Amino acid sequence: MRKPIIAGNWKMNKTIGEACELVTDLKGMVADVTDVDIVVGPVFTVLSSVAEIIKDTNIGLAAQDMYWEESGAFTGEISPVMLKNVGCDYVIIGHSERRAYFGETNETVNNKVKAAHAHGLKPIMCVGEKLEDRESGITEKVVKDHVVNGLDGLTEKQMLNTVIAYEPVWAIGTGKTATPDQAQEVHKFIRGLLADMFSSEVAEAVRIQYGGSVKPNNVSDLMAQPDIDGGLIGGASLDAESFTQIVKFK
Ligand code: PEP
């Protein structure tokens, strides 16, 4: 059985004080949860403060991106060594906003996924089609391209420590959620790709999150699908109450 994983992507929100308040509230509200892996993904400037607050709790820490080199002349970037050092367990890689606004490609995603593993960070690798891709019937082609190239060269062990987030770009921050059937169809397709690339055992064990306007009122129907193992939550993760309701979807 795959343990569900619900992660909050805070995007470019929250100052230190705001982030500390949010995670302190959240910590109390989810303290009794043992059957879901809970992760928060704040901005770089608050990672250290949030790490301190969630130390020895059931909440894991994710960064929202990183560069693949360990150190050096890469102005403005942050390395896997630094993320590990500040207390990150996970790193979100290849979010559609990074692909759209910051030139992220399958090749850079793959470099980052491999660098994360090299430093003991678990990547949450985002994949998903744009609205025009879905409308022109190439959803599977686009998703396959993201999955196959993003995970290229990983060992089975590394794959088992990788989370995939299927996020249809047209559903992110738009209030338009994929229907549970639409999401399940793509999740099943991704699991089939993993079986081809690795093995059926690996495919059965890897967790695939859905992301795109997940809210307290739609999470249960999505989580009821056999191949949906969690959520990557944007807007609703910025409020302790709504994120808690999502974490407690059962
Ligand atoms: C996201 O940014 O990963 C996301 C899914 O955002 P939202 O939940 O706001 O659609």
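Here, each number is a calculation from the coordinates, and none is a lab measurement. What you see is a predicted model; the values in this text were computed from it and never measured. No Cβ is skipped: glycine too gets one built from the backbone with ideal geometry, and neighbour counts run over all protein chains shown.
In table form, for the structure just shown:
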item	result
Qualifying residue in segment 180-198 (condition: outside any helix (DSSP H, G or I), touching a Leu at 6+ places or on another chain (Cβ under 9 Å) and either surrounded by 14 or more Cβ atoms within 10 Å (Cβ to Cβ) or not hydroxyl-bearing (Ser, Thr, Tyr) (or both))	yes
Segment 199-225, subset farther than 18 Å from Glu129 by Cβ and of a type in the set (Val, Ile, Thr), residue surrounded by the most Cβ atoms within 10 Å (Cβ to Cβ)	Val219
Pair list, Cβ < 8 Å and 6+ apart or interchain, from segment 239-250 residues that are free of Cβ contacts under 8 Å to residues at least 24 places away in the same chain to residues that are surrounded by 18 or more Cβ atoms within 10 Å (Cβ to Cβ) and hydroxyl-bearing (Ser, Thr, Tyr)	none
Hits in segment 172-198 (condition: more than 10 Å from the ligand (Cβ to nearest atom) and under 16 Å from Gly230 (Cβ atoms))	Ala178, Pro180, Ala183, Gln184, Val186, His187, Lys188, Ile190, Arg191, Leu194
Condition met for Gly120 (within 25 Å of Arg207 (Cα to Cα), without any contact (Cβ under 8 Å) to a residue 60 or more places away in the chain, surrounded by fewer than 18 Cβ atoms within 10 Å (Cβ to Cβ) and touching a strand residue (DSSP E or B) at 6+ places or on another chain (Cβ under 9 Å))	no
Close pairs from segment 149-171: first farther than 30 Å from Glu132 by Cα and away from the ligand (no atom under 16 Å from the Cβ), partner outside any helix (DSSP H, G or I) and charged (D, E, K, R), Cβ under 8 Å, at least 6 apart	Asn161/Lys122
Residue selected from segment 199-234 under the condition aliphatic (A, V, I, L, M), within 13 Å of the ligand (Cβ to nearest atom) and not in a helix (DSSP H, G or I), by the criterion farthest from Ile5 (Cα to Cα)	Val214
Among the residues listed as Glu77, Glu69, Glu132, the single one being more than 30 Å from Ala19 (Cα to Cα), of a type outside the set (A, V, I, L, M, F, W, C) and more than 16 Å from the ligand (Cβ to nearest atom)	Glu132
Tally of residues being in a helix (DSSP H, G or I) and of a type in the set (Lys, Arg) across segment 148-179	1
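Listed here are the residues, each with its yes/no results for (1) small (Gly, Ala, Ser); (2) closer than 26 Å to Asp37 by Cβ; (3) assigned to a loop (DSSP other than H, G, I, E, B).
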site	(1), (2), (3)
Asp56	no, yes, yes
Ala73	yes, no, yes
Asn85	no, yes, no
Val91	no, yes, no
Glu97	no, yes, no
Ala100	yes, no, no
His117	no, yes, no
Val142	no, no, no
His146	no, yes, no
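The rows are residues; the columns are (1) assigned to a strand (DSSP E or B); (2) free of Cβ contacts under 8 Å to residues at least 12 places away in the same chain; (3) closer than 25 Å to Ser213 by Cα.
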{"residue": "Gly28", "(1), (2), (3)": "no, yes, yes"}
{"residue": "Thr34", "(1), (2), (3)": "no, no, yes"}
{"residue": "Leu61", "(1), (2), (3)": "yes, no, yes"}
{"residue": "Tyr67", "(1), (2), (3)": "no, no, no"}
